[in-house]
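Reviewing the structure listed below.
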Amino acid sequence: MFKLKKGKDGNSKYNPNEKCIACKHVLEENKPILSMKRNSEDGSYQFLCGIDSHTEDDKKRIEIDQIIKINEAIEKFFPLQLGTELKWQYSKEKALELKKFLKSGIENIIQMDIKDEKVSMSQLYNHGEIVYYNGRNGTWFDWSINGRTSWFTVCFNDKKRMGYISVAIFKDGTVEGYKWGNYGKDEAEKISLGHLSIEDTEYLLRLLLQQCDDKGIFDISIDSINWEVPVFLESLEEEEF
């Protein structure tokens with residue numbers, strides 16, 4: 001129904017031998033590309049690591065094909081409109097803290113229920129594996145229609161794989177969901193893991209969109225999501241197609 005648009009005029013429209021500018025931090029120090037810009041006057045491209053204090057000595061002329069070899073994801077943004085700049089954000093610490101926040105919060109609930117003899121680890125699928133279930137509607141659908149991410153869920157270890165715990169992150173940063181006992185037969189009990197800032201909420205949303213849905217990856221373990229990557233600062237506005 002809705003989809004986040006990545007660019008215009010298709011993709012892969014560039015000359016691999018065309019010269020561009022890249023900073024030495026990207027080329028020599030393996031820093032991630034956090035800025036992609038196209039000059040409004042001559043149409044040339046520039047790829048930088050995001051540091052504000054670049055000097056002319058920091059910049060090198062190379063072929064665009066070398067940039068694609070460094071980061072293949074850049075290719076889908078060609079051709080960039082003249083005078084346009086795209087930016088990424090990279091915070092390994094932030095991403096891993098968000099993962100830890102979700103994972104430890106859910107695991108603490110499980111341990112409390114084990115202690116109270118409400119559940120045992122043998123009753124849980126894959127020993128309490130937390131799966132991001134974005135396959136039915138997708139992250140963007142849930143965000144734009146339901147006002148939250150898709151569910152992070154722990155299932156019971158039975159044929160029906162009934163849900164035991166499900167939590168999602170809502171637009172206001174609230175992290176909450178439900179818990180069901182007795183193999184999903186008991187009435188739902190509302191649970192909360194706390195609250196995230198809007199900045200962290202949007203960072204997490206973009207990461208889930210780009211590392212799961214955009215790659216066609218659905219219903220994936222929280223441990224299998226790639227958390228340590230630059231996040232493209234795409235618009236979170238709805239665009240109907």
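For N137 and E18, calculate 0.36 nm times their separation in residues minus their Cα-Cα distance, and state this gained length in nm to one decimal.
Values: separation 119, 0.36 × 119 = 42.84 nm, distance 4.05 nm.
Result for the pair: 38.8 nm of gain on full extension.
Would you mind checking which residues have amide H under 5 Å from T174's amide H? H placed 1.01 Å from N; only 5 or more apart, or other chain.
Answer set, sorted by chain and number: L196.
Once you have the Cα-Cα distance between L82 and K100, take 0.36 nm times their residue separation minus that, and quote the gain in nm to one decimal. Mind dumping the intermediate values first?
Working: separation 18, 0.36 × 18 = 6.48 nm, distance 4.05 nm.
Length difference between fully extended and current span is 2.4 nm.
Could you give the angle, 0 to 90 degrees to the nearest 10, between helix 198-211's Cα long axis and the longest principal axis of the Cα atoms of the chain?
80
I want the local charge near I114. Using Cβ-Cβ distances under 15 Å, sum +1 for each Lys or Arg and -1 for each Asp or Glu among the other residues.
-1
With Rg and the Kirkwood Rh both taken from Cα atoms, where does Rg over Rh land for the chain?
Working: Rg = 21.4 Å, Rh = 20.0 Å.
My calculation of the ratio gives 1.07.
Choose one of L205, I191, G181: the residue whose Cα lies farthest towards the positive end of the charge dipole of the stretch 156-241 (beta-carbon charges +1 Lys, Arg; -1 Asp, Glu; about the Cα centre).
Of L205, I191, G181, it is G181.
Tell me, what HN-Hα J-couplings in whole Hz come from the Karplus equation 6.51 cos²θ - 1.76 cosθ + 1.60 at θ = phi - 60° for each residue of the stretch 112-122, using x for Gly and Pro?
For the stretch 112-122, the Karplus-derived couplings read 5, 5, 5, 4, 7, 6, 8, 7, 10, 4, 5 Hz, x marking Gly and Pro.
At 1.4 Å probe size, with the rest of the protein present, what percent of the exposed accessible area of the stretch 171-222 is carbon and sulfur atoms?
It is 44 percent, rounded to a whole number.
Work out from phi, with θ = phi - 60° and the Karplus expression 6.51 cos²θ - 1.76 cosθ + 1.60, the ³J(HN,Hα) of each residue of the stretch 83-94, listed in order in whole Hz, and give x for Gly and Pro.
These are the phi-based 3J(HN,Hα) values: x, 9, 10, 10, 10, 10, 10, 10, 9, 4, 4, 4 Hz.
The values are calculated or read from the model by the stated rules, or taken from the named source; none is laboratory data. Please read these numbers as outputs of a predicted model, since none were measured by experiment. Note that we place each Cβ from the backbone using ideal geometry, even for glycine, and neighbour counts take in every protein chain shown. For accessibility, only protein heavy atoms count, side chains too; no ligands or nucleic acids. Shrake-Rupley method; radii C 1.70, N 1.55, O 1.52, S 1.80 Å.
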